Amino acid sequence: MIKKLTDISIRTKLVLILSLTAATALLIAVSVIFFTTTETVKKYEAANIKQLAEISSFNISAALSFRDDKTANKTLLSLATNPEIMAALIYDQEQHIFVSYFNEQSSEDERNALKNYSKKLLLEYQKTQEIKPNKNFLLWEKFDVFTPITLGNETLGMLHIISDAQHFQQQIKKLQSSLLFAIGITLLIIFVLASFFQRIFSSPIYALLDVMKTVPENRNYSLSKEMQRNDEYGALFNGFHTMLTELHSIEKELIIAKEKADNANQSKSTFLAHMSHEIRTPMNAVIGLSHLALKTELNAKQHDYLSKINSSANGLLGVINDILDFSKIEAGMLTIEQVEFDLSTVVHSVLTISHSQAETKNLKLHCSIGSCVPAHLMGDALRIKQILLNLISNAIKFTDQGKVAVSIKKGSHKDNNVELIFTVEDTGIGLSSPQIKKLFQSFSQAEESTSRHYGGTGLGLTICKQLTELMGGTISVSSEIAVGTVFTFSIICLTTEGEQSLLSTNITQEKEVPEPVNSSVLNNRSILLAEDNEINQLIAIELLESEGACVDVAENGRIAVTKANAKHYDAILMDVQMPEIDGVEATRLIREQLKDIPIIAMTAHAMDEEKQRCQQAGMNDHISKPIDPDELYKTLTNWIMKDMTALTLSATKDRGSDI
């Protein structure tokens, strides 16, 4: 109730306060008048009956003394002139009824009831010498008067007159009607006056509210002259005006600062995009050519050199990716996707990748998944995989013997939101408390000697912390020197199939390798490669032709559009940054004629905005440079198989319609 009152307008509050205050005072005054008047009328009625009883008792005293019942009856019959008299009874000294009078309209049963009532009341009166009043005098039904009948100093008997209170009740009802009418009129007047006078208090406040509305809508920071007053409201207006002036000044400064920040952010975004492209393009050459060279006939020394070049290049690519991710997070440009994924598939992929690193150090890599963990989830599987890979890689790096254990449990669950709790435990060198305190700081490692001995930029854990927070979770660490370290992080995902859970799973990763991609699908497939860089052309052609694909090259977007419209291709690999017409515009032009052909972006731009721009132009998928051969084969195979399935279904439908 109080909460509802706080939510109503101030006008209504003021009207209610003024009306209730006046109405309360009115009701108190009317109540006093009503009860005082009622008591006065009651006493007046009782006094009239008592006076009549005294006169009658005087007239009856002689008849009662001589036991003359006829004279007594005649005397009582004189009461018939008063229609309010219900009964009159004369008791002798032995308390027997000597004579009685009853209103002629009363029945025999009513008379007997009145006799019994009189006898009972007489006994009470003789004990207490008073008549108990009705508990609720507003419901008073009759007046009772006992008057002793005396002759000289001798008491001969008692006269009991019973009178109904009909006249009294009629007067009370008239009084009630008059007072209620007066209350109604007065309350109406009070409401009208309260509604009028509340404006004195509420109008200045509503004037301020109007100003508050115009500030965000019209950017009007000035107050009208009507709001200039000399009372407390005037002081409020002056303070408000000062605040508006300061806000206006601050807003101007904020607008200028925001424009500078936006420009700086845009410059940073552009710089990152260019840096990503410029770094990844030569990296693609190093990694791609070393990969191709490793597939040729080499002596042991040459194979060792090229393997180390390829490994170092991939390590450098990891550092570059960390720096780009960190920069995107700092710039607020990294977004968390919400796509359906299978958690067990993600975990299997992570363990498969980490296996060779653990096997090199003879470490046991183990994972357990709780039975209550949902099987199918909505979230960013790529970022979850990135966090797990970083933590497992660190655990293996800092562990010389023993094991690395990963566990996944279900945390809180509300509606479709489920909390997943990941734990990565190792038996490595451990961390001290001072080292833990600065563990998640950017470009920071436990010790400088750690960086020299184990390598690393110190960005991995910082990125993990920021990614978990972006996914609604937290990350923490507990450790003991020479015993081991436990990293725990949580994320929030959406469930897609209610409470469906994974079976309790224990995985010990031994000599498992990734399932080979069925690249035979690419055999004799016609692929259009739109790429202006000769080295990138060479790498892509070698990779595709090694799997039996037939590759045509388009050196720019314009040639790509022409070739795509002139010949059937099973898929198109489209670079984004090309001369004459870039890959995005080329895709739009191709989509005007070819709606179903798979077009896959193959670009050194790794920013999310670039991926979205490619999708909006009509591209089906995105492959980042440097090119991962397995990813290239897998992506092409998936889209070519989808295209083949769609064509098969369409042909089946057409044959069915002809039957």
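The values are calculated or read from the model by the stated rules, or taken from the named source; none is laboratory data. Every value quoted in this text rests on a predicted model; they were computed, and no experiment measured them. A quick note on method: Cβ atoms are made from the backbone with ideal geometry, for glycine too, and the neighbour counts reach across all protein chains shown. Calculation scope for accessible area: heavy atoms of the full protein, side chains included, ligands and nucleic acids excluded. Shrake-Rupley method; radii C 1.70, N 1.55, O 1.52, S 1.80 Å.
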Sole residue being on the phi < 0 side of the Ramachandran plot, surrounded by 14 or more Cβ atoms within 10 Å (Cβ to Cβ) and among the polar types (S, T, N, Q), chosen from N73, N116: N73
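Does at least one position in the range 354-369 carry a residue that is part of a loop (DSSP other than H, G, I, E, B), in contact (Cβ under 8 Å) with a residue 12 or more places away in the chain and surrounded by fewer than 17 Cβ atoms within 10 Å (Cβ to Cβ)? Break it down into steps so the answer makes sense when it comes.
Narrowing the range 354-369 to residues part of a loop (DSSP other than H, G, I, E, B): 361-363.
After this cut, where a residue has to be in contact (Cβ under 8 Å) with a residue 12 or more places away in the chain as well, the list is 361-363.
Still in the running and surrounded by fewer than 17 Cβ atoms within 10 Å (Cβ to Cβ): 361-362.
Yes, because at least one residue in the range 354-369 is part of a loop (DSSP other than H, G, I, E, B), in contact (Cβ under 8 Å) with a residue 12 or more places away in the chain and surrounded by fewer than 17 Cβ atoms within 10 Å (Cβ to Cβ).
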Any hit, the range 384-400, residues being in a strand (DSSP E or B) and open to solvent by 30 Å² or more (accessible area, probe 1.4 Å): no
Filtered residue count, the range 44-59, keeping only those that are buried (at least 20 other Cβ atoms within 10 Å of the Cβ) and closer than 14 Å to E154 by Cα: 1
Criterion (of a type in the set (A, V, I, L, M, F, W, C) and over 25 Å from Q357 (Cα atoms)) met by exactly one of I309, I279: I279
Criterion: touching a Pro at 6+ places or on another chain (Cβ under 7 Å) and closer than 16 Å to G473 by Cβ - qualifying residue of V418, V373: V418
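Quick check on the range 5-12. Is at least one of its residues under 30 Å from I185 (Cα atoms), of a type in the set (S, T, Y) and surrounded by 12 or more Cβ atoms within 10 Å (Cβ to Cβ)?
Filtering the range 5-12 down to residues under 30 Å from I185 (Cα atoms) leaves 5-12.
Filter once more, keeping what is of a type in the set (S, T, Y): 6, 9, 12.
In the following step, the residues that additionally are surrounded by 12 or more Cβ atoms within 10 Å (Cβ to Cβ) were identified as 12.
Yes: the range 5-12 contains one or more residues that are under 30 Å from I185 (Cα atoms), of a type in the set (S, T, Y) and surrounded by 12 or more Cβ atoms within 10 Å (Cβ to Cβ).
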Pairs, first hydroxyl-bearing (S, T, Y) in the range 396-420, second open to solvent by less than 40 Å² (accessible area, probe 1.4 Å), C-beta under 7 Å, six or more apart: T399/L363; T399/D426; T399/G428; S407/S368; S407/T423
Where a residue in the range 232-256 is free of Cβ contacts under 8 Å to residues at least 40 places away in the same chain and its partner, wherever it lies, is hydroxyl-bearing (S, T, Y) and open to solvent by less than 60 Å² (accessible area, probe 1.4 Å), with Cβ under 8 Å and at least six apart: L244/Y221; T245/Y221; L247/Y221; H248/Y221
Residue in the range 250-273 that is surrounded by 14 or more Cβ atoms within 10 Å (Cβ to Cβ) and hydrophobic (A, V, I, L, M, F, W, C) present: yes
Top-ranked residue of the range 506-540 - restricted to ones that are out of contact with any helix residue (DSSP H, G or I) (no Cβ under 7 Å at 6 or more places or on another chain) and outside any loop (DSSP other than H, G, I, E, B), ranked as modelled with the highest pLDDT: S526
Count of the range 533-558 residues which are touching an Asp or Glu at 6+ places or on another chain (Cβ under 8 Å) and more than 19 Å from V286 (Cβ to Cβ): 7
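Residue by residue, here is whether (1) open to solvent by less than 30 Å² (accessible area, probe 1.4 Å); (2) farther than 30 Å from I90 by Cβ; (3) touching a strand residue (DSSP E or B) at 6+ places or on another chain (Cβ under 8 Å); (4) among the acidic types (D, E) holds:
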residue: G157; (1), (2), (3), (4): yes, no, yes, no
residue: I162; (1), (2), (3), (4): yes, no, yes, no
residue: Q170; (1), (2), (3), (4): no, no, no, no
residue: F181; (1), (2), (3), (4): no, yes, no, no
residue: I185; (1), (2), (3), (4): no, yes, no, no
residue: V192; (1), (2), (3), (4): no, yes, no, no
residue: S195; (1), (2), (3), (4): no, yes, no, no
residue: I200; (1), (2), (3), (4): no, yes, no, no
residue: P204; (1), (2), (3), (4): yes, yes, no, no
Selection count where residues are touching a Gly at 6+ places or on another chain (Cβ under 7 Å) and farther than 28 Å from D322 by Cα, scope the range 372-423: 1
Checklist (1) more than 30 Å from D325 (Cβ to Cβ); (2) assigned to a helix (DSSP H, G or I); (3) at pLDDT 85 or above applied to A651, failing item: (3)
Criterion (in a strand (DSSP E or B) and either crowded, with 19+ Cβ neighbours inside 10 Å or over 32 Å from the mean Cα position of the chain (by Cα) (or both)) met by exactly one of L316, L377, L298, L324: L377
Any hit, the range 249-264, residues being under 30 Å from N116 (Cα atoms) and either modelled with pLDDT of 80 or more or assigned to a helix (DSSP H, G or I) (or both): no
